[in-house]
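The values are calculated or read from the model by the stated rules, or taken from the named source; none is laboratory data. Values in this document were obtained by computation on a predicted structure and should not be read as measured data. With ideal geometry, Cβ positions are generated from the backbone for all residues, glycine too; neighbour counts draw on all protein chains shown.
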Amino acid sequence: MPDKLVITQVKSPIGSSKRQRATLQSLGLGRIGRQVERPDGDALRGQLHSVRHLLEVKS
């Protein structure tokens, strides 16, 4: 597995649940086009899975 993942928000959270919006906020996202780099891990993978329809992930 790669050490870091680059996560980009590509869709708006409008219409998403409060829980999904909170997940985006905890990842440091919230606006389309915002990009963050996070260390890879099981907890991060779980968060990404819950909002995968809003994100693009690169290793």
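Annotations for the structure displayed:
- Unmet criterion (only one of (1) surrounded by 13 or more Cβ atoms within 10 Å (Cβ to Cβ); (2) in a loop (DSSP other than H, G, I, E, B)) for Q20: (2)
- The range 24-47, residues that are outside any loop (DSSP other than H, G, I, E, B), charged (D, E, K, R) and within 14 Å of Q9 (Cα to Cα): E37, R38
- Pairs linking a residue in the range 36-59 that is surrounded by fewer than 15 Cβ atoms within 10 Å (Cβ to Cβ) to a residue that is of a type in the set (A, V, I, L, M) and assigned to a helix (DSSP H, G or I), with Cβ atoms under 7 Å and 6 or more positions apart or on different chains, are V36/L27; V57/L48.
- Of all residues in the range 1-14, those that are at pLDDT 95 or above and either assigned to a loop (DSSP other than H, G, I, E, B) or of a type in the set (D, E) (or both) total 5.
- Of the numbered criteria (1) touching a strand residue (DSSP E or B) at 6+ places or on another chain (Cβ under 8 Å); (2) at pLDDT 95 or above, the one H53 fails is (1).
- Filter result for L29 (among the aliphatic types (A, V, I, L, M), touching a strand residue (DSSP E or B) at 6+ places or on another chain (Cβ under 6 Å) and surrounded by 15 or more Cβ atoms within 10 Å (Cβ to Cβ)): yes
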